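Input: a single structure, listed below in structure tokens.
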Amino acid sequence: MKKRIYWILLLLSAVGVVCASALTLAVTAENSMQHAEQSVRDLTNSVVKSYGYMSLEDYIDVLSSLPENVRATLITEDGTVLYDSNVSATEMENHLNRTEIQEALHDGTGEDIRKSSTTHSDAYYYAVQLSDKSILRLARPYSSIRSMVLSSIPGIAVVMIVLFGLALMLSRWLARWMMRPVEQAALALERAGINREPYAELKPFFSHMREQDEEISNQKQILQQERETLGVIANNMREGLLLISCDNNVISINPSAIRMLTGRAAEPLEFIGRHYLIANRTQEMHLCVNAALAGESRDAEFSMYGKVYHVYASPMMRLTKVQGAVVIVLDETQQRMAERSRREFSANVSHELKTPLTSISGYAEMMENGMVASMEDVRTFSGSIHKEALRLIALIEDIIRLSRIEEGPIQADALEPVDLNDLCGAVLESLQPVADKAEVSLQLEGSASVVPGEDAMLSEMVYNLCENAIKYNRPHGTVWVSLSDMGQEIQLTVKDNGIGIPEEARLRVFERFYRVDKSRSKQIGGTGLGLSIVKHVVEFHRGRVELDSVLGAGTEIRVFLPKGK
């Protein structure tokens, strides 16, 4: 054990010495390069100052007298080389496309580091625009800089050897010093009767350490399982869960919270460790979190992305001190929509029931007070009462049907094979007297089309579709009912050439109690629930419905029902 510690310390010392030397060499090289580049810039600037005080020939003489490791080039504004200290100017290509030349023409000065196409060596270039728009460029090859750096390597190597020798002695002393208390403790435990183990210094510790290690491993496994369980629960929660630290950073966030607060799907790592406002910046959220971090529970509602959310924030306490905040986010959109639908339904039902009851009450009161003079008036009033009573009964029956459909989702064991062709034939036969009275012809096209469903509901759906097509048709009109096999679905189409539906009303005809022409609906006895029942029957059977209509030309409604397995 002592030898292992010794070799580890020695290895660490050696690595440290090598790293320090390499770092020193790198810093030296970097400083040398920066110093060389600065010297080129300073020399260029000093030479530029003398340009306007002498002729071109004298200036070239000045450039030729510069140090040998500095290359001077004089270039015109169009990139033509007038002079170069290393190569004949006539042999050199146009330099206008050089980076440092472009920068000098644009900014007055420019620099670049690259391999020279003339000397084939790496160099640092610095260019300055002169008063006559020509360019003076000085360059220094990096080979001279590298030679400066290489000259310092022997000195660094000597320092490395000295440091390594010191590390050798220090490692040996540290190994002995570190193991002395362990050897003394091991001797004391060995005298107490602890069994011996392979390492001489740590033999008495192994048994006790093994027991502690097993206990720690078991506890770690339990904690890991609990953490995984909590993670699975949080990730599969429909509610949003957000944990925030005292410094307003996100500790944990589940996918539901991300989806509700940001309106998109994202990985939790995108938010963990960052400010909670990147997930949601609403005022309600901010106030709830601040209150929770202050030690108070608070809740609020806010709307976002077309949905309504309720946020609950509570402080995380530990020993009477706030350690963070727990935020729960609930999507209450469906609840709000259901409440609104219930209110609208109650209001509509009250209104629709009140209308026929008011008429019945009025006619009955007139008859009771003797305001009816003849038997013909009695028959007229009685007929009106009977008509309004039938309308009231039809309305109540439609409401009962709609409530039964909305009781719950379809159950597989409640389904039975239904032949839509036979069902449509039976419905059209029952509606034939109504069609004859309205002078409308009925036509059925298609073959046997079997779907899983509830016979009574599907009959109600087809009846309502066909009855509407007859009611809102015109004399000598036609209602076509057709069935088509679409592979995975059966398409039921009910088409008429009647009055059609205005464009602004097409999206609302499936709403409860909505009627396009209320006066016409009252004349023909409509309740406004027929297409709403159709929609709910289709949804009950996990299908879909489509509507096309042209005002004055007719309406076509297509129902798609799954064929099942």
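Observations, loosely collected:
- Residues within the range 71-100 that are at pLDDT below 85 and open to solvent by less than 20 Å² (accessible area, probe 1.4 Å), tallied: 1
- Every listed requirement among (1) part of a helix (DSSP H, G or I); (2) open to solvent by less than 10 Å² (accessible area, probe 1.4 Å) is met by Val481 save one, (1).
Condition check ((1) closer than 30 Å to Ser384 by Cα; (2) modelled with pLDDT of 85 or more) across all residues:
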{"residue": "Arg512", "(1), (2)": "yes, no"}
{"residue": "Arg520", "(1), (2)": "yes, no"}
{"residue": "Gln523", "(1), (2)": "yes, no"}
{"residue": "His536", "(1), (2)": "no, no"}
{"residue": "Phe560", "(1), (2)": "no, yes"}
{"residue": "Gly564", "(1), (2)": "no, no"}
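- Some residue of the range 89-99 being closer than 14 Å to Thr44 by Cα and touching a residue at least 12 places away in the same chain (Cβ under 8 Å): no
- Residues of the range 423-462 that are over 17 Å from Val479 (Cβ atoms) and either open to solvent by 40 Å² or more (accessible area, probe 1.4 Å) or hydrophobic (A, V, I, L, M, F, W, C) (or both): Ser447, Ala448, Val450, Val451, Pro452, Glu454, Asp455, Ala456, Met457, Leu458.
- Qualifying positions in the range 118-145 - at pLDDT 75 or above and open to solvent by 30 Å² or more (accessible area, probe 1.4 Å): Asp122, Gln129, Ser131, Asp132, Lys133, Arg140, Pro141
- Restricting attention to the range 81-122, the residues being of a type in the set (Gly, Ala, Ser) and within 18 Å of Leu63 (Cα to Cα) number 3.
- Among residues of the range 354-370 that are within 15 Å of Gly383 (Cα to Cα) and open to solvent by 90 Å² or more (accessible area, probe 1.4 Å), none has a beta-carbon under 8 Å from a residue that is modelled with pLDDT of 75 or more and not in a helix (DSSP H, G or I) at least six positions away or on a different chain.
- Of everything in the range 246-293 that is in a loop (DSSP other than H, G, I, E, B) and touching a residue at least 40 places away in the same chain (Cβ under 8 Å), the residue that is nearest to Thr333 (Cα to Cα) is Gly263.
- Residue match in the range 487-504 (condition: out of contact with any Phe, Trp or Tyr (no Cβ under 9 Å at 6 or more places or on another chain) and among the aliphatic types (A, V, I, L, M)): no
- Scanning the range 1-17 for residues that are of a type in the set (A, V, I, L, M), open to solvent by less than 80 Å² (accessible area, probe 1.4 Å) and at pLDDT 70 or above yields Ala14, Val15, Val17.
- Any hit, the range 106-117, residues being open to solvent by 80 Å² or more (accessible area, probe 1.4 Å), among the basic types (Lys, Arg) and without any contact (Cβ under 8 Å) to a residue 60 or more places away in the chain: yes
- Among the residues of the range 465-478, just one is open to solvent by 10 Å² or more (accessible area, probe 1.4 Å), within 16 Å of Lys535 (Cβ to Cβ) and not acidic (Asp, Glu), namely Asn468.
The values are calculated or read from the model by the stated rules, or taken from the named source; none is laboratory data. What you see is a predicted model; the values in this text were computed from it and never measured. Glycine gets a Cβ as well: all are built from the backbone with ideal geometry, and neighbour counts include every protein chain shown. These area figures cover heavy atoms from the full protein model, side chains too; ligands, DNA and RNA do not enter into them. Shrake-Rupley method; radii C 1.70, N 1.55, O 1.52, S 1.80 Å.
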